[in-house]
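Have a look at the structure below, then the notes.
No lab work stands behind these numbers, since they all come straight from the coordinates. Everything numeric here is computed off the predicted structure, so don't read it as measured data. Cβ coordinates were reconstructed from backbone atoms using ideal geometry, including for glycine residues, and neighbour counts include every protein chain displayed.
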Amino acid sequence: MTAARARARGWRAIYFHPGTIPFWGLHVGAVYGVIALGVSWAGLAWAAAMYVVRMFFVTAGYHRYFSHRTFKTSRWFQFVLALGAQATAQKGVLWWAGHHRRHHKHSDDELDVHSPYHGGFWWSHMGWLMGRDFEGTDPAVIKDLTRYPELRALERLWLVTPIAVGVLAYLVGGWFGLVWAFALPQVLSWHGTFTINSLSHVWGGRRYASGDDSRNNPVLAILTLGEGWHNNHHHFQASARQGFFWWEVDITFYVLRAFEAIGLVRDLRGVPEHVRAGTRKAALAAAPAAVVAGPDALPVDG
Ligand SMILES: [Zn+2]
Ligand SMILES: [Zn+2]
């Protein structure tokens with residue numbers, strides 16, 4: 001299935017089918033909840049804190065670990081990363097990694113499932129994942145991950161985690177907790193993540209000729225804890241850091257460095273000097289991370 005054929009189904013079939021009710025419901029619930037409860041400093045603090053925690057698991061979990069395997073960890077912490085990522089309601093880590101690897105392989109060509117250049121802003125932002133055409137995952141591109149039975153189990157049960165977070169927020173904080181610690185940060189973390197597929201291929205500068213239209217954007221890098229250095233990332237996917245220079249703020253990387261210091265993760269892959277300098281061969285830049293890492297490079301000890 002190509003993105004062009006999926007888009008041909010029309011906007012109703014993509015954005016408004018029964019499967020999208022929870023997505024839209026949380027948007028309405030978050031807005032209504034904020035109006036009904038009123039804005040408070042405590043509410044804003046909860047929303048900001050939960051947004052940051054969620055974005056960390058999106059970028060460190062779904063993206064830098066499961067999609068690109070830019071660092072290693074223990075099997076139990078791999079499970080924690082999967083659980084934390086899936087709590088943000090962006091489906092299972094196998095699905096996420098499979099589609100993301102395809103994005104890198106076909107960046108901004110007609111086989112890219114979410115290129116703004118082939119589908120427009122809203123398609124790249126959320127249409128591609130709201131429609132039903134990309135619900136499956138190509139098993140051939142995630143063999144390094146499907147070997148773990150606990151990840152396969154989590155994949156089938158992916159909805160349980162975000163629902164559990166919502167129930168917990170309600171049990172602990174009542175309606176206040178449900179709105180400010182769950183619904184609002186859930187909606188914001190969805191759109192924060194989605195900007196990487198939409199705005200980060202349109203808005204910003206290009207340091208490297210990465211063979212696609214990826215951009216570096218400091219505003220998006222702050223909002224997404226480092227993912228906004230997207231041109232850097234397309235240039236060299238194997239690195240755990242996406243801010244390639246000290247002034248390129250990459251909060252996810254700082255947390256990963258702290259995790260490394262206390263032994264939670266190890267072998268964070270860096271940026272070789274010739275890559276940073278931009279003299280790296282274009283052919284390697286276009287290769288998917290799994291190829292760069294090598295098929296036998298396993299993410300955990302076993
Ligand atoms: Zn990536
Ligand atoms: Zn991209």
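General observations
- Amide hydrogen neighbours beyond the local backbone of V265, cut-off 5 Å, H modeled: E260
- Derived scalar couplings ³J(HN,Hα) [region 206-211; Karplus, 6.51 cos²θ - 1.76 cosθ + 1.60; whole Hz; x for Gly, Pro]: 10, 7, 10, 7, 8, x
- Residues considered: R207, R101, R69. Largest GNM mean-square fluctuation over the chain, using C-alpha springs under 10 Å, is found at R207.
- For the chain, the convex hull spanned by the alpha carbon atoms encloses 134 Å³ per residue.
- Working from the Cα coordinates of region 164-282, the gyration tensor eigenvalues give, after taking √(5λ), semi-axes of 32, 19, 10 Å in decreasing order.
- Highest-MSF residue in the chain out of G174, G29, G127 [GNM, Cα springs under 10 Å]: G174
- Annotation: the residues V271, V93, sorted from fewest to most other C-beta atoms within 10 Å of their own C-beta, follow the order V271, V93.
- Listed by chain and number, the aspartates and glutamates placed with their C-alpha closer than 18 angstrom to that of K72 are D144, E150, E260, D267, D296, D301; residues fewer than eight positions away on the same chain are left out.
- Packing here is the average count of other Cβ atoms within 10 Å per residue, and on that basis the peptides 246-257, 184-195, highest first, run 184-195, 246-257.
- HN-Hα J in Hz across region 55-60 - Karplus 6.51, -1.76, 1.60, θ = phi - 60°, x for Gly and Pro: 5, 4, 5, 5, 7, 6
- Region 42-51 - phi-based ³J(HN,Hα) in whole Hz, Karplus 6.51/-1.76/1.60, Gly and Pro as x: 4, x, 4, 5, 5, 4, 5, 5, 5, 5
- Separation between Cα centres of region 140-190 and region 39-86, rounded to whole Å: 11 Å
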